[in-house]
1. Taking 30 Å as R0, compute the FRET efficiency from the Cβ-Cβ separation of B:Ala70 and B:Thr148 and round it to 0.05.
2. Give, rounded to the nearest 20 debye, the magnitude of the charge dipole that the protein assembly as shown has about its Cα centre when Lys and Arg contribute +1 at Cβ and Asp and Glu contribute -1 at Cβ.
3. Across the residues of B:227-233, average count of Cβ atoms on other protein chains within 10 Å?
4. Using 0.36 nm times the number of residues separating B:Glu327 and B:Asp369, minus their current alpha carbon distance, what extension gain do you get?
5. Which angle from 0 to 90°, rounded to the nearest 10, does the C-alpha axis of helix B:29-47 make with the longest principal axis of chain B?
6. For B:Lys251 and B:Val160, what does the FRET efficiency come to when R0 = 25 Å and r is the distance between their Cβ atoms, rounded to the nearest 0.05?
7. For B:Asn432, which sequence-distant residues (separation of 5 or more, or a different chain) have an amide H within less than 5 Å of its own amide H, given hydrogens modelled in the peptide plane?
8. What does the structure give for B:361-374 when I average, per residue, the other chain Cβ atoms found within 10 Å of the residue Cβ?
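The values are calculated or read from the model by the stated rules, or taken from the named source; none is laboratory data. Everything numeric in this text was worked out from a predicted model, so none of it was measured. Don't worry about glycine lacking a Cβ; one is built from the backbone with ideal geometry, like all the others, and counts go over all protein chains shown. What goes into the accessible areas is simple: the full protein's heavy atoms, side chains included, and nothing from ligands, DNA or RNA. Shrake-Rupley method; radii C 1.70, N 1.55, O 1.52, S 1.80 Å.
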Amino acid sequence: MSSGLLNEFTFFVLAIFVGIEVISKVPTILHTPLMSGTNAIHGIILVGAIVIAAGASSPLTIALGLVAVTLATTNVVGGFVVTDRMLEMFKGRQAAKPPAPK
Amino acid sequence: MTLVIAIAYLVAAVLFILGLKQLSSPKGARNGNFTAAVGMVIAIGATIPLLHFTTAGLIVIGIGVVIGGAVGTFGARMVKMTAIPQMVALFNGVGGGAAALVAVSELLTFGNHPPFAEAFPSVFSIVIGSISFAGSMVAFAKLQELMTGTPITYPGQQVVNGLIAAAIIGFVIAVLAVASVPFSFVGLMVLALVLGVAFVLPIGGADMPVVISLLNAFTGLAVAASGFTLNNFALIVAGTLVGASGSLLTKLMSDAMGRSLGNVLFGAFGQVKAGAAAVAGKETRSVRAGNAEDLATLLAYSRRVIIVPGYGLAVAQAQHAVRELAELLEKRGVEVNYAIHPVAGRMPGHMNVLLAEANVPYEQLKEMDEINGEFKDADVALVVGANDVVNPAARSSPGSPIYGMPILNADQAKNIVFMKRSMRPGFAGIDNDLLYDPKTIMFFGDAKDSLTKLVNAVKAA
């Protein structure tokens, strides 16, 4: 149990460093899409919501599970789709690159 | 079976990290989002076979996924590009809410005296998740203009917020030390929701994106805390990644505005606003207004024109009209560039997205550092729906709330044309001396109408 907690804590600390390191060189124009992308990733809470909803039996746990799963799914799906829509524009921009200058 | 899950979570974590890495370079950004989404599917897919579902549980999950999936897809597909910031706030808020509810649900199973190692992360997740939920909803309401977007302040506000925070900490200690009826957490949640609202109320205008980014990092931490409660590695790793990268991103965003995070959160804007309003009240200086024909002549016979687009352009959906004008001018041999301030639009990078949508060539979009030296050689700086990002007060008056913010040197151009709907101050709520500059010509009206008039006039010129 306590070694399990220690393991979790190790992952936690390492993830902090990775999280900072991995985006440290992001250009300003990508701030918004990156915020939106990380926003989608914390939608992983859907895994937690499914875990608690799976065993629901009392009215209270059913209600909690239903709301949690609904909110979490909205986060995941909306997050990834809206990020993709933003980045689609960037792709369009690069496609428009060759014919542009005259 | 658990081995399969462990491997799946590891793969998902690696995909999240790779996704983030790709998201931070323009070339791979879209693939990065896809990579992260694959990681998400793997993590969720691997979790499901391990669970023992009750019938009610299955139904609940089915309904939740269908509703959430529909709302998420519909919202993300339908939202206008200009409304992206509030949509991100909304998706972030619901994530925070979900994290808090997962923690509540888990706490209820612990009984009256949960061990500290289980109770602490749950309580943390409930508090942070609830703050993120309530704060994001206020941010959404402000940006969607369901309520006033300007800072809402009252005397002693910091003290009141401090007291709410202190009450939450006291409550947490009481809950953890004494432990007690599980439903004491309802009280905790209510307090945290109140703090979330109170914390975002005094923040307004241009600072909103920074707050949304901070709340995004909060949600990440709440998710990680829920992961500790559930002993779920996927939640811990993904939540922490977002918490850490979101915190750094928040700092990068406030840096881009030349302000510290503390200054953004604890309100220089609120305090100086009264002074700025007083100045605006006794404004008697005159401005020079021009008509489409004069301006068309000025533009058509210039050699170099720099367009400074702002949020007003986006609101008026004038991206296409501005590109048409630029193309017309280029045909006449005028050199046209766009000067993109890091926080033009409502969020960093927002303006690039909007102009890219209108097929403005990438090479013409110049970042601030790249173009600032060129304004002095420009014949015309055409400011379309921007205001604060060209306000010289940021350079010259230390008392101004935007003092120190890097600005575009539009004031150095030989002529400045301002397209604005009115003399109303910009997003930051402060007056702009550049509007009264003798070199400045105002062209009043909706950005799209004005640009269309200009296009026609240039054709005739």
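1. According to the calculation, E is roughly 0.45.
2. With only Lys, Arg, Asp and Glu charged at Cβ, the dipole is about 860 debye.
3. Mean number of neighbouring Cβ atoms from other chains: 5.
4. Gain on stretching B:Glu327 to B:Asp369: 12.7 nm.
5. 10
6. My answer for the efficiency is 0.40.
7. none
8. Across B:361-374, the average partner-chain Cβ count within 10 Å equals 2.
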